[in-house]
């Protein structure tokens, strides 16, 4: 499909990460169905399936796209079979991804598109990420219901784990663009969804919010053991795998670093979390500088979001608070980024800046409350959401 006035833009996305290792790590005769909130008008869509974290090839037996009819149901009149290199099935090698052929489906901003994937044979369920909050969640079913109008209640369940589906792109107006939200569990939770809702509620018809976030991830380290490997890939691997492949993106918001600070506790407490993993402020900022340099190399504007208060978190200590503050001070003053979004200032208690303000703590003293996530979404400057 060619049109000088149109281009492909990502309307939805997930990070590439590692599924939690369980004995039932393989699935067979499985349907995955994911409703996707679309943020752009377009004449066609395409999807990207990723096996980036897999250890072996996966075989997709068949896949369908349709407009949602609510929850796990689809509008059967819009049901369209997805092909890959003109085939209804596909094999994706480990470490690789695959972009579908163009899917002729007229879509509107604010509509929900449903993607259904069926895996007939044993499939290693390893490339996955968990996402919660607004516009998140899907379904899985035992059996082939990829083309079904609705999933049978007796054989299906909801899930917030996204397997393999990493991007949905829309063939849309040439002025459209995507803003990427990159980070860890705080970004994998609600604020990106509220930011997307903010855009959908506005007159801004040309911006999509794309979430690339994986819980537990750090800038500098990753866990190479089955207990914690689901905490995801280090930034050196993740960032180049997630950011430049986001079609139509011109901006990235980076909100990461707190896990680098809070994870190390010493091998006497946890054999997988040595003190040697604790970075200096300079090491964290050097990691962030690498992100910024890469983003600019990809042609994106890059904004830094300050890590949030952590007083009361189970590993909280004054030296961690000092490290967090030094990183935040650098973010606020550096000329290497295109700007700083001061989430910390927006959510902290003005009388006790190391802690959340009243009503902004989820209860674990690390993750914000739903009210605080709404505040984070409201804190993003309008200029970032408007193409300029």
Handout entry: Scope region 326-339; condition in contact (Cβ under 8 Å) with a residue 24 or more places away in the chain and part of a helix (DSSP H, G or I); matching residues
Key = 326, 327, 330, 331, 332
Fill in the blank from the handout: Note on region 226-272: residues assigned to a loop (DSSP other than H, G, I, E, B), touching a helix residue (DSSP H, G or I) at 6+ places or on another chain (Cβ under 6 Å) and within 20 Å of residue 129 (Cβ to Cβ) are 257
Practice task
Please state which one of 70, 137, 95 is surrounded by fewer than 19 Cβ atoms within 10 Å (Cβ to Cβ), modelled with pLDDT of 95 or more and farther than 29 Å from residue 239 by Cα.
Solution key: 70
Problem - Within region 277-286, considering residues that are assigned to a helix (DSSP H, G or I) and touching a helix residue (DSSP H, G or I) at 6+ places or on another chain (Cβ under 6 Å), the one surrounded by the fewest Cβ atoms within 10 Å (Cβ to Cβ) - result: 281
Problem - When residues of region 76-88 are limited to those that are without any contact (Cβ under 8 Å) to a residue 60 or more places away in the chain and either outside the structural domain of residue 18 (by TED's automatic domain parsing) or part of a loop (DSSP other than H, G, I, E, B) (or both), the one surrounded by the fewest Cβ atoms within 10 Å (Cβ to Cβ) - result: 86
Exercise for the section: State the number of residues belonging to region 1-19 that are within 20 Å of residue 242 (Cα to Cα) and not in a strand (DSSP E or B). Expected result: 5
Practice task
Give the residue, chosen from 304, 323, 292, that is part of a helix (DSSP H, G or I) and touching a strand residue (DSSP E or B) at 6+ places or on another chain (Cβ under 7 Å).
Solution key: 292
Completion exercise
Taking region 21-47 and keeping residues part of a loop (DSSP other than H, G, I, E, B), modelled with pLDDT of 95 or more and under 25 Å from residue 212 (Cβ atoms) leaves 38, 39, 40, 41
Exercise for the section: Please tell me if residue 211 is modelled with pLDDT of 95 or more, buried (at least 21 other Cβ atoms within 10 Å of the Cβ) and not in a strand (DSSP E or B). Expected result: no
Completion exercise
Given (1) in a loop (DSSP other than H, G, I, E, B); (2) more than 18 Å from the chain's Cα centre (by Cα), residue 53 misses just (2)
Handout entry: Answer from 217, 127, 187 - the residue that is buried (at least 24 other Cβ atoms within 10 Å of the Cβ) and in the same structural domain as residue 25 (by TED's automatic domain parsing)
Key = 127
Practice task
Only residues in region 359-371 that are closer than 16 Å to residue 306 by Cα count as the first member; pair them with residues that are in a helix (DSSP H, G or I) and at pLDDT 95 or above, Cβ under 6 angstrom, at least 6 apart or cross-chain, and list the lot.
Solution key: 360/347; 360/372
Fill in the blank from the handout: Of the listed residues (199, 170, 179), the one being crowded, with 24+ Cβ neighbours inside 10 Å and either within 16 Å of the chain's Cα centre (by Cα) or outside any strand (DSSP E or B) (or both) is 179
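The values are calculated or read from the model by the stated rules, or taken from the named source; none is laboratory data. From a predicted model like this one, the values you see are computed outputs, not experimental measurements. Because the Cβ atoms are built from the backbone with ideal geometry, glycine has one as well, and the counts that use them run over all protein chains shown.
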